[in-house]
Amino acid sequence: MYTIYIYNNGSNRLERYRLEPYQNMPYTSHDSMFVSEFFSNTRSEIGWSSSDFLIAWSNFSKGRVRIKSAFRRISEGGHIAQSMHYAGLAADTDSGDISPFPYVESGHVGLYPAGYPVLSYGDIGPFVLVMQDALISLGFSEVKLDGFFGHETAKGLLRFLDCYNISPQKLCDHSVWQALTLHATGCGGLL
């Protein structure tokens, strides 16, 4: 059984699903992406993505193009520091025809370029989950993964910033993401 958080881009809410490996990912149709495919490149049973990405994949694939890998936890490493795979917003495929996606490179498809957005207190979504995952993996937070940038997540982030002497202009800006992903990517085990 897998736990999957999906950021619903339309409602600005995080949805939680408990699904078996053989089930379809939320927001997909035509058997275009099974849970086991989404999790094929990770040892984790917890993951996240967004409705926009899953709908785009489903509309493109229609079950004819299979995913080689999609989601991977930041603590497992294996990608560039701010990879959309860590946010559950990219997929790798063998298909040469992946034109509907704006970001394409050698079978890697995504809706967004590499690099993470500035996050502020109160934000919600897959990038908050990446930040929480990194802070937990590094031992700066004990917050439960929930995708909400609340008080406990902010406390963990402030501990991280203090430890590494980082003074960002915003609570989680580009300089913070650089440091956070540098230290968290490939740091070790899973939750």
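Here, each number is a calculation from the coordinates, and none is a lab measurement. It should be emphasised that the depicted structure is a prediction, and the values quoted were computed from it without experimental measurement. In this analysis, Cβ positions are derived from the backbone assuming ideal geometry, glycine residues included, and neighbour counts consider all displayed protein chains.
So between R43 and K170, what do we pick up on full extension, going 0.36 nm a residue minus the alpha carbon distance?
Stretched out fully, the R43 to K170 stretch lengthens by 42.4 nm.
Quick one: grab the alpha carbon gyration tensor of the chain, order the square roots of its eigenvalues as a ≥ b ≥ c, and give me rounded if a/c is under 1.5, else prolate or oblate depending on whether a/b is larger than b/c.
Prolate shape, in that a/c is at least 1.5 and a/b is the bigger ratio.
For region 2-110, what is the charge dipole size about the Cα centre, in debye to the nearest 20, if Lys and Arg each add +1 at the Cβ and Asp and Glu each add -1 at the Cβ?
Dipole magnitude for region 2-110 comes out near 200 debye.
GluC sites (Glu not before Pro) within region 1-98: which are DSSP loop residues with at most 15 other Cβ atoms inside 10 Å?
Hits after loop and neighbour filter: E45.
Go ahead and set up a Gaussian network model of the chain, Cα springs under 10 Å, then flag whichever of T153, T93, T181 fluctuates most.
T93
Evaluate the charge dipole of the chain about its Cα centre and quote only its size in Debye, nearest 20, assuming +1 on the Cβ of each Lys and Arg and -1 on the Cβ of each Asp and Glu.
Using Cβ point charges on Lys, Arg, Asp and Glu, the chain gives about 120 debye.
When a/c reaches 1.5 or more, the comparison of a/b and b/c decides; with that in mind, is region 2-110 rounded, prolate or oblate per its Cα gyration tensor?
rounded
For helix 174-184, report the angle its Cα long axis makes with the longest principal axis of the Cα atoms of the chain; keep it between 0 and 90° and round to the nearest 10°.
Roughly 80 degrees, rounded to the nearest 10.
Once both axes come from the Cα atoms, what is the angle between helix 151-163 and the longest principal axis of the chain, in degrees from 0 to 90, rounded to 10?
So the helix axis and the longest Cα principal axis differ by about 60 degrees.
Compute the FRET efficiency between S120 and D31 as 1/(1 + (r/R0)^6), taking r as their Cβ-Cβ distance and R0 = 25 Å, and round to the nearest 0.05.
Plugging the Cβ-Cβ distance into 1/(1 + (r/R0)^6) gives 0.05.
Going by alpha carbons, how many degrees (0 to 90, nearest 10) lie between the helix axis of 51-61 and the longest principal axis of the chain?
Tilt relative to the chain: about 30 degrees.
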